[in-house]
Amino acid sequence: MIRIYISPAEQKKLHDTAYELLFSALREDGITASHADILISERGKPYFGDLPVFFGISHCKGYAMCMISESNIGADCETVRKYHERTALRAFTESENRLIDESGSRDEALSRLWSLKESYVKYTGTGLAGHMHDIVFDRIPRYGEIIELCGTKLVQFLHEGIIISVCCDNIDSVILNSKTIIPPPK
């Protein structure tokens with residue numbers, strides 16, 4: 001199960017609010033944790049050393065988000081940003097740039113592909129300095145559609161104008177702010 005918590009936040013407090021959401025979610029599970037319990041991998045991915053919980057943190061203009069899961073996860077949230085050709089050429093392959101150009105909304109298509117890729121590099125732990133070209137999309141999936149790519153599963157949602165992307169090993173259910181959006185399999 002993946003639990004996603006997203007909340008409006010002041011721009012200066014986005015990072016702190018995301019971690020407040022994380023620690024609050026853990027308390028719901030009876031787990032007491034703090035920043036002191038968080039370790040950083042060689043590549044910069046935060047994790048808990050002794051807790052059987054994986055988490056992802058993200059924020060975008062005016063919103064903070066955390067995800068928690070029993071398995072490795074990559075999380076990202078984005079607002080729709082303005083299309084910039086330089087960003088598109090740097091971050092996306094030629095075929096992905098064609099998808100963006102043919103989408104009908106280059107701003108939204110760029111933001112959605114960026115968010116999917118960012119959730120993937122957070123999943124792998126390589127971060128944005130990692131390999132944005134290692135994951136290549138041949139289409140832009142529908143919101144809520146689970147896709148398999150590079151041995152992972154990805155899904156993307158639109159919540160109150162915020163694009164939320166998840167990359168993980170297995171998506172059996174997703175709960176967003178206490179509301180099930182992908183039900184458990186029958």
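The values are calculated or read from the model by the stated rules, or taken from the named source; none is laboratory data. Owing to the predicted nature of the structure, the values given are computational and were not obtained by experimental measurement. Methodologically, a virtual Cβ is constructed for each residue, glycine included, from the backbone with ideal geometry; neighbour enumeration extends over all protein chains shown.
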(message) What are the pairs with Cβ atoms under 9 angstrom where one residue, in the stretch 95-116, is over 15 Å from Glu85 (Cβ atoms) and the other, located anywhere, is among the acidic types (Asp, Glu)? Sequence gap at least six, or different chains.
(response) Ser95/Asp138; Arg112/Glu78; Ser115/Asp76; Ser115/Glu78; Leu116/Asp76
(request) Could you identify the single residue in Lys117, Lys61, Lys153 that is under 22 Å from Ala9 (Cβ atoms) and of a type in the set (Lys, Arg)? (result) Lys61
(request) Mind counting the residues in the stretch 37-94 that are of a type in the set (Lys, Arg) and touching a Ser or Thr at 6+ places or on another chain (Cβ under 7 Å)? (result) 3
(message) Just to be sure before I move on: is Leu128 aliphatic (A, V, I, L, M) and at pLDDT 95 or above in the structure I sent?
(response) no
(message) Against the conditions (1) of a type outside the set (Gly, Ala, Ser); (2) more than 16 Å from the chain's Cα centre (by Cα); (3) at pLDDT 95 or above, where does Pro185 fall short? Just the number, please.
(response) (3)
(request) Return a yes/no flag: does the stretch 20-29 have any residue that is exposed (fewer than 11 other Cβ atoms within 10 Å of the Cβ) and touching a Ser or Thr at 6+ places or on another chain (Cβ under 9 Å). (result) no
(request) For the stretch 145-186, enumerate the residues that are small (Gly, Ala, Ser) and loosely packed, with under 15 Cβ neighbours inside 10 Å. (result) Gly151, Gly161, Ser173, Ser178
